[in-house]
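Asker: My questions will all concern the structure given below.
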Amino acid sequence: MKVGIVVFPGSNCDHDAWYAISANLHQRAEFIWHESASLGDVDAVILPGGFSYGDYLRCGAIAKFSPVMRAVKNFAHDGGLVLGICNGFQVLTEAGLLPGALVRNANLKFVCRSVPLQIATVDSPFTHRAAPGERIHLPIAHGEGCYIADENTLDRLEAEDRVVLRYLDNPNGSLRDIAGILSAERNVMGMMPHPERAADPLVGSTDGLAILSSFLDVPVKAQALAS
Amino acid sequence: MSAITPEVIAAHQLTAPEYEKIVSLLGREPTMTELGIFSVMWSEHCSYKSSRVHLKKLPTESKRVLQGPGENAGIIDIGDGIAIAFKIESHNHPSFIEPFQGAATGVGGILRDIFTMGARPIAVMDSIRFGKLDDEKTGPRNRRILEGVVSGIAHYGNCFGVPTVGGECVFEESYDGNPLVNVFALGVARHDEIFYGKASGIGNPVIYVGAKTGRDGIHGASMASAEFTEESKQKRPNVQVGDPFLEKLLLEACLEAMQTGAIVGIQDMGAAGLTSSTCEMGSRAGTGVEIDLQYVPQRETGMTPYEMMLSESQERMLLVAQSGREHEVFAVFKKWGLDAVQIGVVTGDGMLRVKDHGEVFAEIPNRALADEAPRYHRPYTKPLRLAPLQAPRVASKNLTADLKALLSSGDICSKQWVWQQYDYQVRTNTLAGPGSDAAIVRIKGTNISIAMALDGNGRYCALDPREGTKLIVAECCRNLSTMGALPIATTNNLNFGNPERPEIMAQIVESIEGLAEACRFFDVPVTGGNVSLYNETLGSPIFPTPVVGIVGTLETAPPIANVFGQAGLPVILLGGLGDADWKQLGGTQYAKVVLNSLWGTPPKLDMDYEKRVQATVRELVRDRAVESAHDIGDGGLAVALAESCFGPAGVGADITLDAELAPELLLFHEGPSRILLSTSSSERVFAAAGKNNVQALQIGVTLEARVAIRNRNEILIDSRVAELKDLWTNALEHLLRNLVLV
């Protein structure tokens, strides 16, 4: 499996995603520059965290116009796996690949800490290796992670089992405690927490492997190999 | 051109003798542009003219030091061909005038100092000091400054993508009109990737990269070299505005451009912008630098040479490339969407020559600016001392209530309200983050981790600047040793009042001499730092506040816990109960919080004993012979014990002491050289302590949910852990929120 990690100007979790995939999970990963119109021969794509183009307008609002996003859209429409983490989630909503929007945290402050979450569905390529209802802890680090959408959209997400992660202790005011969602075709996922920051026992947690090992479709026993 | 009158000279904060020296160095009257250039280069901020003769006393060498003071940052060899670059810098004055941007650009400036050396920044720490939050009169302003500073640091560091892994946050009346914002940054590079700020090679192009130049920050360096007065508010345009996104691009572009091999030297445009970068790079290489300002990217029209040379617009760098290979550098900056323009050339005449459209506006020997600034042997007497020597009568009514007051006080309570606003995990290297005795950051691809801590103590230094500074160095080293790391090098930020006052100058001299003695003794040479003087508002100086940042190394491994993890383990006090008299209680947090007073002398330090205690704990932590280790510092034994109980497991302790000391001293004295351990192999602890000839007392056992301290048969403290933890955890938010609502 080869994962392409998109690098926007201002991405700053790109190396973390690369390290988790290559050093902790022993899979192939390569960077894709934002001006690239092609994704090459990758099998899956990660949109990493950070501040794409500075995010001085709305988070992700500029990134959606970059050449690489056209390629990501085509990839997604053809059924390719796309995982957006933090800023990547924001970019996916701006690009229209996922519904809703991420706005300023309810308390108006950036927040960095580990939060408890529930994996709300295992019926997805991003969670199929997790146990149904599994509780995990993942770090969050964002100023604009409050998920909002209109009632109809929220109802539909729930009816279609597309809420994939929920906060157990809502840190940012997200509607219905939503921390991560799936596209209608279930091949695109956006999440605010950072699984790549919880993929190495040395930094305190390997809970992120529940998601990354599903995404890469490698056994969770890779945990034991984590460096 | 306006005439240079005595008023104009004074407005540039130059004295009459300094002006005469300028005239004699040039052999003529300076132009206005030249006067401006001299005024910033000879400001206290850039020239260290009051402190330089004393800074020479600091130890700066060891076998690990690759670069000592004088460059953009110090560099230390940590083995495996890897080096770390680190430094601390203040942004006190800008942060008072405009807290958010002042603090943000403080972070930006120190990050550039690191990556200009070729090192990728991997950690930031901040030491911040404010007036009291609950003061009726100044509280609202102090809370506003705190909020602004914290969000400014968060804004810049989070977007740039560097973790803010630790620091300190202190509240004290003396910082009411003069907050301190000291930011530390550390980066990592291979030995062969290190770059220096040298304009070598006659004929090589001088290239400007990064943000465009505007009128912001003009005379920032001179502002930072004057006391605050009522008019200071009008200095707002002197504060620069930061753009962390641009800095992130600048970082990536600079590191990538360095890989081409086409760069000869590089330096950031910090204080005094184009001026300092040109003349310092020329001076270091013994060359001249000639630039023409018409090529400088500008975001305002009609700027004069004077304004362009003094602008402190952020996110700019100056570099010298190999002649003929400029295009390789330009290509990288183009990729990152940044300006990169040749603005001049390296010459052989040693002059800084500034032209605009061919016309010469300044022509000054580089050395005159960078190296021949005045050096003052300012007169000094005895350090300013306002506190009495004699102790008042101390008799606690309720020791448990005293402990609760300490745990909910601004200095001791949890700072999570602060550090949760910082991304402390980005780059996934943070093994121990904020709230730990010292932060630990691993270096991927090696087996080496770096430990780091910042420490200051204005109260100790107000009582005795020399002993106070030695205690700070000891404490900072102890923080590292407690995590199992060997301290190897120091950076320092000396925050003091007006050096033209002999009693303040005495504080500076004594503090530097104390720093020199302690750094020499603990073998942590000083590789650089920053001096911030004139920290006074309306004639009232801050406490003398040297802040030290010490770094160390250890093998990469899961970090030792600072909190108890399981019940039923022996609790050992390494270093013993310590000794203290009533005089030595005067500088403690107990005196501050419970008695609202300051008197006497700082705690007594035996450096030799301290060194042996630290060697012992390093050995025990490295060999995994202890389950937890926590340094005893602010608030003494009782506070350290309570903090050890605040882990996720909520494990407390049952402690029985056997001491002659009065309970207030026993619980709350801040004598150094002490570390609290829990262990399942007491014999190994006693053996290691015995070998190093230091005391180790088993004082109790860990237990579920309660914390109790007895001396002989008397119960001193008894409380539920959860109750204490709740106070400690929420105190800062309460301080901020309750008072906002009132």
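The values are calculated or read from the model by the stated rules, or taken from the named source; none is laboratory data. Note that the coordinates shown come from a computational prediction; the quantities given were computed from them, not determined experimentally. Note that we place each Cβ from the backbone using ideal geometry, even for glycine, and neighbour counts take in every protein chain shown.
Asker: Can you tell me which residue in segment B:410-434 is surrounded by the fewest Cβ atoms within 10 Å (Cβ to Cβ), limited to those that are hydroxyl-bearing (Ser, Thr, Tyr), within 7 Å of chain A (Cβ to nearest Cβ) and within 21 Å of residue B:563 (Cα to Cα)?
Answerer: Taking the candidates together, the pick is B:424.
Asker: Still on this structure, I have one more. Just for segment A:172-209: of the residues that are part of a helix (DSSP H, G or I) and within 14 Å of chain B (Cβ to nearest Cβ), which one is farthest from residue B:431 (Cα to Cα)? Give the derivation first.
Answerer: The first filter runs over segment A:172-209 and keeps only residues part of a helix (DSSP H, G or I), leaving A:175-177, A:195-197, A:201-203, A:209.
From the residues that got through so far, the ones that are within 14 Å of chain B (Cβ to nearest Cβ) too are A:195-197, A:201-203, A:209.
Working: A:195: 16, A:196: 15, A:197: 11, A:201: 10, A:202: 7, A:203: 5, A:209: 18 Å.
Going through the qualifying residues, I end up with A:209.
Asker: Tally up the residues in segment A:105-123 that are crowded, with 16+ Cβ neighbours inside 10 Å and within 14 Å of chain B (Cβ to nearest Cβ), please.
Answerer: Looking only at that region, the number is 7.
Asker: Among B:404, B:415, which is the only one that is in contact (Cβ under 8 Å) with a residue 24 or more places away in the chain, out of contact with any Pro (no Cβ under 9 Å at 6 or more places or on another chain) and either closer than 27 Å to residue B:637 by Cβ or polar (S, T, N, Q) (or both)? Break it down stepwise before answering.
Answerer: Values: B:415 fails: out of contact with any Pro (no Cβ under 9 Å at 6 or more places or on another chain).
Step by step, each of B:404, B:415 is checked, and only B:404 is in contact (Cβ under 8 Å) with a residue 24 or more places away in the chain, out of contact with any Pro (no Cβ under 9 Å at 6 or more places or on another chain) and either closer than 27 Å to residue B:637 by Cβ or polar (S, T, N, Q) (or both).
Asker: Inspect all residues belonging to segment B:338-352 and state whether any of them is surrounded by 20 or more Cβ atoms within 10 Å (Cβ to Cβ), touching a Cys at 6+ places or on another chain (Cβ under 9 Å) and at negative phi.
Answerer: Yes - at least one qualifying residue is present in segment B:338-352.
Asker: Out of B:142, B:178, B:182, B:158, I need the residue that is without any contact (Cβ under 8 Å) to a residue 40 or more places away in the chain, closer than 19 Å to residue B:100 by Cβ, touching a helix residue (DSSP H, G or I) at 6+ places or on another chain (Cβ under 9 Å) and not small (Gly, Ala, Ser). Which one?
Answerer: B:142
Asker: Any residue that is modelled with pLDDT of 95 or more, among the polar types (S, T, N, Q) and either within 20 Å of the chain's Cα centre (by Cα) or over 30 Å from residue B:637 (Cβ atoms) (or both) - is there at least one of those in segment B:464-471? Before you say what the answer is, go through the steps one by one.
Answerer: Narrowing segment B:464-471 to residues modelled with pLDDT of 95 or more: B:464-471.
Those still in the list that are among the polar types (S, T, N, Q) too: B:469.
Narrowing further to those that are either within 20 Å of the chain's Cα centre (by Cα) or over 30 Å from residue B:637 (Cβ atoms) (or both): B:469.
Yes, some residue in segment B:464-471 is modelled with pLDDT of 95 or more, among the polar types (S, T, N, Q) and either within 20 Å of the chain's Cα centre (by Cα) or over 30 Å from residue B:637 (Cβ atoms) (or both).
Asker: Quick check: anything in segment B:268-276 surrounded by fewer than 24 Cβ atoms within 10 Å (Cβ to Cβ) and either within 14 Å of chain A (Cβ to nearest Cβ) or at negative phi (or both)?
Answerer: Yes, because at least one residue in segment B:268-276 is surrounded by fewer than 24 Cβ atoms within 10 Å (Cβ to Cβ) and either within 14 Å of chain A (Cβ to nearest Cβ) or at negative phi (or both).
Asker: Can you find a residue that is without any contact (Cβ under 8 Å) to a residue 60 or more places away in the chain and not β-branched (Val, Ile, Thr) anywhere in segment B:501-516?
Answerer: yes
For every residue, the table says whether it meets (1) more than 14 Å from chain A (Cβ to nearest Cβ); (2) at pLDDT 95 or above; (3) farther than 22 Å from residue B:352 by Cα.
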| position | (1), (2), (3) |
| --- | --- |
| B:185 | yes, yes, yes |
| B:218 | yes, no, no |
| B:227 | yes, no, yes |
| B:246 | no, yes, yes |
| B:260 | yes, yes, yes |
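Every residue, every condition in (1) within 14 Å of another protein chain (Cβ to nearest Cβ); (2) of a type outside the set (D, E, K, R); (3) part of a helix (DSSP H, G or I); (4) surrounded by 22 or more Cβ atoms within 10 Å (Cβ to Cβ), yes or no:
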site: A:92; (1), (2), (3), (4): no, yes, yes, yes
site: A:96; (1), (2), (3), (4): no, yes, no, no
site: A:133; (1), (2), (3), (4): no, yes, no, no
site: A:137; (1), (2), (3), (4): yes, yes, no, no
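Asker: OK, next. Would you check if there is a residue in segment B:704-719 being in a helix (DSSP H, G or I) and at pLDDT 95 or above?
Answerer: No, that holds for no residue.
Asker: Additional query: When segment B:277-310 is examined, which residues are found to be of a type outside the set (D, E, K, R), touching a helix residue (DSSP H, G or I) at 6+ places or on another chain (Cβ under 6 Å) and assigned to a helix (DSSP H, G or I)?
Answerer: B:279, B:282, B:283, B:293, B:305, B:306, B:308, B:309, B:310
Asker: List every residue pair whose Cβ atoms sit under 6 Å apart, with the two residues 6 or more apart in sequence or on different chains, where the first one lies in segment A:142-156 and is farther than 16 Å from residue A:166 by Cα and the second, anywhere, is basic (Lys, Arg).
Answerer: Matching pairs, first to second residue: A:144/A:104.
Asker: Are any of the residues in segment B:301-322 surrounded by fewer than 17 Cβ atoms within 10 Å (Cβ to Cβ) and in contact with a Lys or Arg (Cβ under 6 Å, 6 or more places away or on another chain)?
Answerer: Within segment B:301-322, not a single residue is surrounded by fewer than 17 Cβ atoms within 10 Å (Cβ to Cβ) and in contact with a Lys or Arg (Cβ under 6 Å, 6 or more places away or on another chain).
Asker: Suppose we filter B:104, B:189, B:154 for residues that are touching a His at 6+ places or on another chain (Cβ under 8 Å) and among the hydrophobic types (A, V, I, L, M, F, W, C); which single one remains?
Answerer: The match here is B:104.
Asker: OK, next. Checking residue A:16 against (1) away from every other protein chain (no Cβ under 12 Å); (2) surrounded by 21 or more Cβ atoms within 10 Å (Cβ to Cβ); (3) assigned to a helix (DSSP H, G or I), which test does it fail?
Answerer: Result: residue A:16 passes all but (1).
Asker: Specify which of the listed residues (B:715, B:709) is loosely packed, with under 14 Cβ neighbours inside 10 Å and either farther than 23 Å from residue B:645 by Cβ or of a type in the set (A, V, I, L, M, F, W, C) (or both).
Answerer: Values: B:709 fails: loosely packed, with under 14 Cβ neighbours inside 10 Å.
Going through B:715, B:709 in turn, the sole match is B:715.
Asker: Something else now. Suppose we filter segment B:168-213 for residues that are assigned to a strand (DSSP E or B) and polar (S, T, N, Q); how many remain?
Answerer: 2
Asker: Residues that are in contact with a strand residue (DSSP E or B) (Cβ under 7 Å, 6 or more places away or on another chain), surrounded by fewer than 15 Cβ atoms within 10 Å (Cβ to Cβ) and away from chain B (no Cβ under 14 Å): does segment A:32-40 have at least one?
Answerer: Checked segment A:32-40: at least one residue is in contact with a strand residue (DSSP E or B) (Cβ under 7 Å, 6 or more places away or on another chain), surrounded by fewer than 15 Cβ atoms within 10 Å (Cβ to Cβ) and away from chain B (no Cβ under 14 Å).
Asker: For segment B:435-446, which residues satisfy the criterion of being within 9 Å of another protein chain (Cβ to nearest Cβ) and part of a strand (DSSP E or B)?
Answerer: Hit for segment B:435-446 is B:442, nothing else.
Asker: Of the numbered conditions (1) buried (at least 17 other Cβ atoms within 10 Å of the Cβ); (2) modelled with pLDDT under 95, residue B:386 satisfies every one except a single condition; which is it?
Answerer: Unmet for residue B:386, out of (1) buried (at least 17 other Cβ atoms within 10 Å of the Cβ); (2) modelled with pLDDT under 95: (1).
Asker: I've got another one for you. With B:84, B:110, B:78, B:97 as the choices, which residue is buried (at least 24 other Cβ atoms within 10 Å of the Cβ), over 18 Å from residue B:211 (Cβ atoms) and in contact (Cβ under 8 Å) with a residue 24 or more places away in the chain?
Answerer: Within the list B:84, B:110, B:78, B:97, the selection yields B:84.
Asker: Helices (runs of 4 or more DSSP H) wholly in segment B:24-143 with at least 2 residues that are over 21 Å from the mean Cα position of the chain (by Cα) - which ones?
Answerer: B:32-41
Asker: Still on this structure: Would you confirm whether or not segment B:459-472 contains a residue that is more than 12 Å from chain A (Cβ to nearest Cβ), surrounded by 22 or more Cβ atoms within 10 Å (Cβ to Cβ) and closer than 18 Å to residue B:123 by Cβ?
Answerer: Within segment B:459-472, not a single residue is more than 12 Å from chain A (Cβ to nearest Cβ), surrounded by 22 or more Cβ atoms within 10 Å (Cβ to Cβ) and closer than 18 Å to residue B:123 by Cβ.
Asker: Next question. With respect to the numbered conditions (1) under 30 Å from residue B:125 (Cα atoms); (2) more than 12 Å from every other protein chain (Cβ to nearest Cβ); (3) surrounded by 18 or more Cβ atoms within 10 Å (Cβ to Cβ), which one is the sole condition not fulfilled by residue B:405?
Answerer: All conditions pass for residue B:405, except number (3).
Asker: Is there a residue in segment A:34-49 that is of a type in the set (Gly, Ala, Ser), in a loop (DSSP other than H, G, I, E, B) and within 14 Å of the chain's Cα centre (by Cα)?
Answerer: First, the residues of segment A:34-49 that are of a type in the set (Gly, Ala, Ser): A:36-38, A:40, A:44, A:49.
Narrowing the set further to residues that are in a loop (DSSP other than H, G, I, E, B) leaves A:36-38, A:40, A:49.
Pick out the ones that are also within 14 Å of the chain's Cα centre (by Cα) and you get A:49.
Yes, there is a match, as at least one residue in segment A:34-49 is of a type in the set (Gly, Ala, Ser), in a loop (DSSP other than H, G, I, E, B) and within 14 Å of the chain's Cα centre (by Cα).
Asker: Which one of B:716, B:724, B:736, B:697 is closer than 27 Å to residue B:146 by Cα and more than 30 Å from the chain's Cα centre (by Cα)?
Answerer: One residue alone meets the criteria, B:724.
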